[in-house]
Amino acid sequence: MPIHSLKYQKALQIQREISETLNKSTDLHEILQLSLERLLELMELETGWIFLTEDNTFYQLAADYQLPPAMADNREELMHCQEGCTDCTCLQLYWEGHMKQAVNHVKCIRLKQAVADKMGETRGLTHHASIPLTIRGKKIGLLNLASPGRHRFHEDDLILLETIAYQIGAAVERTRLHQQQTKEEVHATARYLIDAYANAERIKREIGNVHTRNELFQGIMEELHHHLPHWTHAAIITMEQGRLTIQICLDEHGPKEVFDKEKKINLSQPDLIRRAYVQQRIMQENKKPLHFSSLKDHQSLYSIAFPLFMRERPEETFGVLLLSRSTTACDYLEIGMLEGLANHFSMGIERIRLYEEWEALLVSKERNRLARDLHDSVNQKLFALSLISGGLQELIDKDERTILEAVREVQQLSKEALIDMRSLIWQLRPDHLEQGLVTLFNEYAQKIGVELSMETPENLEPSQSCKEALWRIGQEALNNIQKHAGTSKAVIVMESDADGFMMKVIDQGNGGAVEKQQSLGITSMKERTEELGGSFHINSEKGKGTTIIVRFPNDRKGR
């Protein structure tokens with residue numbers, strides 16, 4: 001085979017191996033060091049070093065191999081150029097524009113200085129070849145190669161070295177651009193996270209003083225829309241009467257109303273929201289269906305669902321925060337920030353629940369205080385008035401009919417007032433619920449003079465909130481019968497099934513209660529029913545009696 005063909009094949013091999021070496025890493029120092037060592041091995045040279053430059057005032061020794069002791073031991077003095085480059089001929093020529101291609105014979109001032117100052121062994125090195133690393137006119141650095149006793153390189157070798165220098169320069173530029181891009185991405189991510197955490201803190205402060213659930217949900221959506229606008233869609237879903245129910249939604253225009261028929265979902269549907277709720281884990285999906293008709297606009301987006309629950313009571317998950325956007329999935333830093341925000345929402349919901357319980361406790365205590373005060377003062381005085389009016393009847397001459405009728409009327413009014421007062425005291429004291437609704441209704445009916453029949457199943461176990469609502473509604477209905485129905489008989493029917501509870505209060509009295517639906521008593525019964533998501537109906541034609549029907553959905557958590 002001809003000699004020039006062998007040289008050509010060797011040149012191709014060197015280029016290929018250097019190219020492979022340059023692509024092994026993204027660490028700039030590593031790729032330069034590996035490439036330099038491989039180049040020296042393939043070209044059978046002993047020593048080499050690479051300078052990188054950014055401008056004519058800054059130089060860096062980026063890689064070196066087998067420098068002679070005189071230069072290696074005094075690297076700070078001899079191998080790092082100083083400003084102005086007066087001690088480095090190759091770099092001075094490079095920056096002055098005199099080295100546009102490989103230079104065969106450069107007498108090294110550094111080596112001369114090392115010999116003159118007796119800094120150590122130079123291994124006979126006096127000259128080196130310099131090959132500029134330049135890409136599209138941009139000065140990147142210098143590749144210097146040397147061997148003892150070798151002053152010149154063959155022309156073909158210089159051409160090969162220029163080709164390899166171009167490869168090295170391109171790799172350096174590519175790596176620098178990659179590092180710059182990575183740096184910018186890191187800065188952008190850091191800025192995003194800083195802004196996101198700052199906005200999360202603002203959201204926490206804004207919703208910190210809300211005292212009702214509806215205001216909290218509205219506030220959360222408004223703050224998400226204002227401070228985290230890249231999450232264009234959001235929803236808060238809570239467990240209500242055994243079903244996941246949407247409380248409020250957000251789209252790119254802001255919070256929006258959710259109609260009743262679009263609020264609920266059956267738990268048997270295994271979508272993102274249900275899995276986050278049941279498994280108490282953060283769930284992510286991209287462009288997957290959600291089984292709420294009001295969330296159709298989320299289905300073409302990337303979505304992430306956060307369970308809402310208190311860490312101290314993980315068994316009481318009470319909802320899910322759903323966030324959606326058009327961009328790709330979250331990284332772990334963003335997820336951590338959003339999880340912290342979801343935890344704060346959970347604490348906000350729990351705080352409101354505790355606040356509502358605290359208010360209910362205050363009301364209960366105040367009712368007990370009023371009941372006690374009424375019993376100790378007004379009730380005793382009415383009882384005394386009843387006794388006195390009864391005694392007066394014995395003292396008044398029967399011929400004095402006018403006075404006698406007045407005393408009898410006082411006695412009747414005092415008896416009625418005493419019955420009303422005892423009824424009021426019973427209504428104010430809710431601490432008898434543990435006796436059971438059947439016992440309570442029978443005792444109460446007896447106290448107000450109503451003959452009551454009860455039809456109830458044996459195992460009637462409504463939740464505490466449902467039991468109190470049934471008790472209050474039944475009390476009010478019995479009071480209305482005693483005062484307005486024109487009958488002393490009533491029937492209460494209670495039923496229970498998997499869907500919830502139903503209570504009917506029936507009388508065969510005067511009827512006509514429909515005309516009084518704006519009365520305080522009927523309004524109160526209706527409001528108590530609707531507070532627990534139930535339904536209230538009243539049928540009351542004149543002369544045909546009255547039937548009140550109350551239905552409550554099953555509340556599995558008893559909240």
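What follows is calculated from the coordinates using simple rules that are stated; it is not laboratory data. Model, not experiment: these values are computed from the prediction. Neighbour counts are summed over all protein chains in view; Cβ atoms, including those assigned to glycine, are modelled from backbone coordinates with ideal geometry.
Among ARG351, ARG110, what is the fewest-to-most ranking by other Cβ atoms within 10 Å?
ARG351, ARG110
According to a simple spin-label model (label point 7 Å from Cα along Cα-to-Cβ), what is the distance in nm between TYR332 and SER300?
My value for the distance between the label points is 3.4 nm.
Kindly flag which residue pairs out of LYS118/LYS138; LYS183/LYS288; LYS447/LYS526 have an alpha-carbon separation exceeding 30 Å in this structure.
Beyond 30 Å between Cα atoms: LYS118/LYS138; LYS183/LYS288.
For the residues ARG136, ARG150, what sequence is obtained by ranking on other C-beta atoms within 10 Å, fewest first?
The order, fewest Cβ neighbours first, is ARG136, ARG150.
Quick check on the stretch 435-559: what does the Kirkwood estimate of hydrodynamic radius come out to from the alpha carbon pairs, in Å?
14.5 Å
Rank the residues ILE50, ILE140 as a footprinting-exposure proxy: fewest other Cβ atoms within 10 Å of their Cβ go first.
With the sparsest Cβ surroundings first, the list reads ILE140, ILE50.
Past 21 Å, Cα to Cα, is the threshold; run LYS256/LYS296; LYS100/LYS139; LYS365/LYS489; LYS467/LYS544; LYS365/LYS467 against it and keep the listed order.
Violating the 21 Å Cα-Cα cut-off are LYS365/LYS489; LYS467/LYS544.
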